[in-house]
Amino acid sequence: MGPVVRSSATVADLGEHAVVQRIRERVRPRAPGVVTGIGDDAAVIEPDRGALAVVTTDTLVEGVHFDRTHSSPGDVGDKALAVNLSDLAAMGAVPRHVLLALSLPPACLVADVDEMIDALLSLAARHRTTLVGGDVTASPGPLVLGLTAIGSAKRRRVLGRDGARPGDVVYVSGTIGAAAAGLASFRDATDAGPAPEACRRRHRRPEARVVLGVALGRNRAARACIDLSDGLGDAVHRIAAASGVGVRLDAEALPIHPEARTWFAAAGLDPLAAALAGGEDFELAFTSPSAFRGRLRHVRRQIGELPLTPIGVVTKAREVCLRRDGRDEPLPGGYEHFAGSD
């Protein structure tokens, strides 16, 4: 570990190189597939034999993706990696390496940076993923974390959004709406009071469905797959557009988190609409034909108790709709940056 630093020390007190050194000392020195890690001008990694590299990047901005008044530094570090792991899961890729670009306000406490990095590395270790490099800069504004995650998958096992075909069943993992309820209760004062801790935790520390995504790819059990970063409504629209198909969801089949449903109702919100539009569930939505039932059985055995719920069907008509109370209505989308901006 680095030198003992007083708890009130800021990154401006230490400087860039000392901050980088503190990060470097936290990373395991010899990781599989890493030829050169932190400390050189670029990382050198050895790809898995016979596999493709699957690469994704996400940026988390203070005030947009997290608020430090209700998220700890550890929450921020964990979430920054989790959202990237979720993208790899949606592609059926095994996480391997991570790059981190960290833009820090000069007044940011060194102890907070340590906590962020420790949480990020703890999650990385759970998924046998290694931080191999990145960048540290000063930010004149908010705290910003930009991560690039690199995964590995065999060519015929990579998943995408464009493979859905008419007749496929649409599935979603886990439950939806909890993260949206947690975020809403942080941001908006309602008579419903704070959302249950399970909902608030889903917002602060989402869980990427890596095991499920890899199992879907390896068993070739899904034709199309996407993660629910911006809500189920958005995800279904994206699959339909990429595949050139329509989708009809069954409102009664949607697995809305029970505590989120109760909180939305108490807050005067339509639980169904809120769960569809709310983002950051980070579950996986995918399509699979009835002919793949045997493959899905293998997947279910590999993912344990995580439920996979059939929620709709892919159609020929290029309409994305929700079957509710015996009638079809347009399916609302999800969260979109800049929507409603001047």
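The values are calculated or read from the model by the stated rules, or taken from the named source; none is laboratory data. This structure is a prediction, so every number in the text was calculated from the model and none was measured. As a convention, Cβ positions derive from the backbone with ideal geometry for all residues, glycine included, and neighbour counts pool all protein chains shown.
Just the residues that are outside any helix (DSSP H, G or I) and either aromatic (Phe, Trp, Tyr) or farther than 25 Å from His97 by Cβ (or both), please, taken from the stretch 6-36.
Hits for the stretch 6-36 are Arg6, Ser7, Ser8, Ala9, Thr10, Gly15.
What residue, among those in the stretch 137-151 that are of a type in the set (A, V, I, L, M, F, W, C) and buried (at least 18 other Cβ atoms within 10 Å of the Cβ), is farthest from Ala53 (Cα to Cα)?
The qualifying residue farthest from Ala53 (Cα to Cα) is Leu143.
Take the stretch 72-103 and flag every residue that is surrounded by fewer than 20 Cβ atoms within 10 Å (Cβ to Cβ) and among the hydroxyl-bearing types (Ser, Thr, Tyr).
Ser72
Mind telling me which of the residues Leu145, Leu121, Leu81, Leu88 ends up being in a strand (DSSP E or B) and either of a type in the set (A, V, I, L, M, F, W, C) or not assigned by TED's automatic domain parsing to the domain that holds Val299 (or both)?
Exactly one residue qualifies, and that residue is Leu145.
In the stretch 273-339, which strands (runs of 3 or more DSSP E) lie fully inside it and hold 3 or more residues that are surrounded by 14 or more Cβ atoms within 10 Å (Cβ to Cβ) and not assigned by TED's automatic domain parsing to the domain that holds Lys79?
Strands (runs of 3 or more DSSP E) meeting the threshold: 284-288, 308-315, 320-324.
Give me the residue from the stretch 51-107 that is polar (S, T, N, Q) and within 17 Å of the chain's Cα centre (by Cα) and, out of that set, modelled with the lowest pLDDT.
Ser71
Examine the stretch 115-133 for a residue that is charged (D, E, K, R), within 18 Å of the chain's Cα centre (by Cα) and surrounded by fewer than 20 Cβ atoms within 10 Å (Cβ to Cβ), and state whether such a residue exists.
Scanning the stretch 115-133, I find at least one residue that is charged (D, E, K, R), within 18 Å of the chain's Cα centre (by Cα) and surrounded by fewer than 20 Cβ atoms within 10 Å (Cβ to Cβ), so the answer is yes.
Give all pairs with beta carbons closer than 7 Å in which a residue from the stretch 297-308 that is basic (Lys, Arg) meets a residue that is outside any loop (DSSP other than H, G, I, E, B); count only pairs at least 6 apart in sequence or on separate chains.
Filtered contacts from the stretch 297-308: Arg300/Leu308.
Specify which of the listed residues (Ala43, Ala12) is of a type in the set (Gly, Ala, Ser), more than 15 Å from Leu131 (Cα to Cα) and surrounded by 13 or more Cβ atoms within 10 Å (Cβ to Cβ).
Exactly one residue qualifies, and that residue is Ala12.
Suppose we filter Arg218, Arg205, Arg209 for residues that are in contact with a strand residue (DSSP E or B) (Cβ under 9 Å, 6 or more places away or on another chain) and surrounded by fewer than 22 Cβ atoms within 10 Å (Cβ to Cβ); which single one remains?
Arg218
Looking at Pro47, is it of a type outside the set (Lys, Arg), in contact with a Ser or Thr (Cβ under 8 Å, 6 or more places away or on another chain) and either in a loop (DSSP other than H, G, I, E, B) or in contact (Cβ under 8 Å) with a residue 60 or more places away in the chain (or both)?
yes
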